[in-house]
Amino acid sequence: MFRTLRLDPVLIQAVIAGALSFAHLHDLAAAAGQDGWKAWAYPVSVDLLLVAAWRRMRKDGGNREAWLWFAIALVASLGANVATAGLLDMTDVPDWLRILVAGWPALAFLGGTLLAHAPTPEPEPAAEPDLEPAAPDLAVERVPDPPPELPPAEPASQESPSTPEVTPEPVTPAPAASVPPALLDHARKIADAHHAQTGAPIDTATLRARLGIPAPLADSIALQLA
C-alpha cells in the first residue's frame, strides 16, 4: 500500500522561513569576510544553538542559562535578517560587525557546551506505598465489676409478735337536715303523683330534680317520706 503524502502548511512555512534565515546569515558572514564553506557554517551554528537551547528549555523551563542562549541565538538570527534587508551596506561592513562575526564561533561553542553538559533535574521519587497493613481499631470493652456479695438474710422468726386487735369505731350517721313542713308537704304531693303515674315510689334523684334542692336535703326528705 502506498501512503498518501500530505503537505502540512505549517511545515512548509517552517522550511521557507528557515531557508530565508539561512541565506541571510550566509550573506552577512560572506560580507564580513567569511567566504567559502565558512559562510555556510555560520547559519548552521546559529540554528543548532537555537535548537539546543529550545530542547533544554523544554526539559527544564526554569533554566536561566537555556533562556539566555536562546535569546543570544535569536538575536543573531534576527540581526542578520534585518541587516540584509537594506539597512546595511553589504559592500562596506563596519568593523564592529566583522568582530562579532569573527567571535561568533567561540561564543556558539561555549553556549553549546554549557547546554550539553548542564545537569538535568532529577524527577522527584514517587512515594513508596505503605505495605504494612494498618492496625485495626480495637474496641476495648470494659467488663463491669461484679456486684458486692450481700450477707445472707436472717430467717424470719417463727414467733411473730402479737398484733393488738383494733376495734373499729361505730360510724355515727350524719344528722338529718331539717326540712320545712311546707317543703315536706310539697314533696309528699310530688311523691304521690309519681307513684300514681309509675306505680313505683319516687327515688331520691328524681325528687331532687323535681324540687331543685341539694342532695343532703333531698336525702332527708326521702327518709321522711319512706
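The values are calculated or read from the model by the stated rules, or taken from the named source; none is laboratory data. Quick caveat: nothing in here was measured; it's all calculated off a predicted structure. Positions of Cβ are generated from backbone atoms using ideal geometry, with glycine treated the same way; all protein chains shown enter the neighbour counts. Ligands, DNA and RNA are stripped out before the accessible areas are found, and what is left, the full protein with its side chains, is counted by its heavy atoms. Shrake-Rupley method; radii C 1.70, N 1.55, O 1.52, S 1.80 Å.
Just to verify a result, which residue in the stretch 20-46, among those that are open to solvent by 60 Å² or more (accessible area, probe 1.4 Å) and either of a type in the set (A, V, I, L, M, F, W, C) or without any contact (Cβ under 8 Å) to a residue 60 or more places away in the chain (or both), is nearest to Asp92 (Cα to Cα)?
Kept after step one, since they are open to solvent by 60 Å² or more (accessible area, probe 1.4 Å), are these residues of the stretch 20-46: 20, 27, 35, 37-38, 40, 44.
If we keep only those that are either of a type in the set (A, V, I, L, M, F, W, C) or without any contact (Cβ under 8 Å) to a residue 60 or more places away in the chain (or both) as well, we get 20, 35, 37-38, 40, 44.
On the way: Leu20: 22, Asp35: 15, Trp37: 21, Lys38: 19, Trp40: 20, Val44: 24 Å.
Per the criteria, the residue is Asp35.
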Can you say whether Ala118 is open to solvent by less than 70 Å² (accessible area, probe 1.4 Å), modelled with pLDDT under 85, assigned to a loop (DSSP other than H, G, I, E, B) and of a type outside the set (Asp, Glu), as far as the supplied structure shows? yes
Answer residue from the stretch 69-107, given it is over 17 Å from Ala32 (Cβ atoms), touching a residue at least 12 places away in the same chain (Cβ under 8 Å) and among the aliphatic types (A, V, I, L, M) and is surrounded by the fewest Cβ atoms within 10 Å (Cβ to Cβ) among those: Leu74
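Does the stretch 57-68 contain at least one residue that is within 21 Å of Ala17 (Cα to Cα) and open to solvent by 50 Å² or more (accessible area, probe 1.4 Å)?
no
Please verify whether Val10 is among the β-branched types (Val, Ile, Thr), open to solvent by 90 Å² or more (accessible area, probe 1.4 Å) and part of a helix (DSSP H, G or I), treating the condition exactly as stated. Working first, answer last.
On the way: among the β-branched types (Val, Ile, Thr): yes; open to solvent by 90 Å² or more (accessible area, probe 1.4 Å): yes; part of a helix (DSSP H, G or I): yes.
Against the criterion (among the β-branched types (Val, Ile, Thr), open to solvent by 90 Å² or more (accessible area, probe 1.4 Å) and part of a helix (DSSP H, G or I)), Val10 qualifies.
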